[in-house]
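**Q** One structure, pasted below without further comment.
The values are calculated or read from the model by the stated rules, or taken from the named source; none is laboratory data. Everything numeric here is computed off the predicted structure, so don't read it as measured data. When we count neighbours, we look across all protein chains shown, and the Cβ atoms used for this are built from the backbone with ideal geometry, even at glycine.
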Amino acid sequence: MNDQETPLGELREMVREFVGERDWKQFHTPKNISMALAIEAAELMEHFQWLTPEQSRAIAKQDKDLAAVADELADVVCYAFALANELDIDVAAAMELKMGKNRQKYPADKYRGKYK
């Protein structure tokens with residue numbers, strides 16, 4: 001599998017099947033999933049805590065560290081898909097709408113190279 005060849009719906013179905021096979025839907029309330037998502041995001045952040053910007057970018061060239069970061073990122077994405085599944089949110093449509101809002105809020109000609 002890779003990003004260029006794998007449809008988003010296939011990834012969501014992978015999460016749905018995993019949850020279903022374990023009878024975990026009973027635990028997958030929006031509250032519980034959002035809390036788990038926040039916990040996994042914190043675990044992802046731990047890999048970057050106290051690093052300089054340069055050190056954080058260098059992780060891309062460190063196989064062991066990159067694999068650990070990829071695992072945590074996958075956990076974050078899995079919980080995001082689980083939440084989308086539970087609430088029946090169309091992720092692609094939500095992304096398109098949000099990016100439209102972001103483009104209006106942060107026009108490229110005004111914000112290029114700036115974060116404020």
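Conditions tested, residue by residue: (1) under 11 Å from the mean Cα position of the chain (by Cα); (2) within 26 Å of Val15 (Cβ to Cβ); (3) at pLDDT below 95.
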position: Arg57; (1), (2), (3): no, no, no
position: Leu66; (1), (2), (3): no, yes, no
position: Val77; (1), (2), (3): yes, yes, no
position: Glu86; (1), (2), (3): no, yes, no
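**Q** Another question, if that's okay. Does Met1 fit the bill of being within 18 Å of the chain's Cα centre (by Cα) and part of a helix (DSSP H, G or I)?
**A** Values: within 18 Å of the chain's Cα centre (by Cα): yes; part of a helix (DSSP H, G or I): no.
It is false that Met1 is within 18 Å of the chain's Cα centre (by Cα) and part of a helix (DSSP H, G or I).
**Q** Could you please give the count of residues in region 47-89 that are within 16 Å of Lys31 (Cα to Cα) and of a type outside the set (Gly, Ala, Ser)?
**A** Of the residues in region 47-89, the ones within 16 Å of Lys31 (Cα to Cα) are 76, 78-89.
Imposing the further condition that a residue be of a type outside the set (Gly, Ala, Ser) reduces the set to 76, 78-79, 81, 83, 85-89.
Final tally of qualifying residues: 10.
**Q** Considering every residue within region 36-45, establish whether at least one is under 24 Å from Ala93 (Cα atoms) and either out of contact with any helix residue (DSSP H, G or I) (no Cβ under 7 Å at 6 or more places or on another chain) or of a type in the set (S, T, N, Q) (or both).
**A** Scanning region 36-45 turns up at least one residue that is under 24 Å from Ala93 (Cα atoms) and either out of contact with any helix residue (DSSP H, G or I) (no Cβ under 7 Å at 6 or more places or on another chain) or of a type in the set (S, T, N, Q) (or both).
**Q** Yes or no: region 21-34 includes at least one residue that is assigned to a helix (DSSP H, G or I) and either under 14 Å from the mean Cα position of the chain (by Cα) or within 17 Å of Leu8 (Cβ to Cβ) (or both). Give the derivation first.
**A** Keep residues of region 21-34 that are assigned to a helix (DSSP H, G or I), which gives 21, 25-27, 30-34.
Filter once more, keeping what is either under 14 Å from the mean Cα position of the chain (by Cα) or within 17 Å of Leu8 (Cβ to Cβ) (or both): 33-34.
Yes, region 21-34 has at least one match.
**Q** OK, next. Determine if region 88-109 includes at least one residue that is under 24 Å from Asn32 (Cβ atoms) and touching a helix residue (DSSP H, G or I) at 6+ places or on another chain (Cβ under 7 Å). Show your work before the answer.
**A** Initially, region 88-109 is screened for residues under 24 Å from Asn32 (Cβ atoms), giving 88-91, 94-95, 98.
This time we only want the ones that are touching a helix residue (DSSP H, G or I) at 6+ places or on another chain (Cβ under 7 Å), so: 91.
Yes, region 88-109 contains a residue that is under 24 Å from Asn32 (Cβ atoms) and touching a helix residue (DSSP H, G or I) at 6+ places or on another chain (Cβ under 7 Å).
**Q** Report every pair of residues separated by at least 6 positions or lying on different chains whose Cβ atoms are under 7 Å apart, first residue within region 1-29 and surrounded by 13 or more Cβ atoms within 10 Å (Cβ to Cβ), second not hydrophobic (A, V, I, L, M, F, W, C) and not in a helix (DSSP H, G or I).
**A** Listed by first residue and then by second, the contacts come to Val19/His28.
**Q** Here are the criteria: (1) under 26 Å from Tyr115 (Cα atoms); (2) in contact with a Ser or Thr (Cβ under 9 Å, 6 or more places away or on another chain); (3) touching a residue at least 40 places away in the same chain (Cβ under 8 Å). Tell me which single one His47 does not satisfy.
**A** Among (1) under 26 Å from Tyr115 (Cα atoms); (2) in contact with a Ser or Thr (Cβ under 9 Å, 6 or more places away or on another chain); (3) touching a residue at least 40 places away in the same chain (Cβ under 8 Å), His47 violates only (3).
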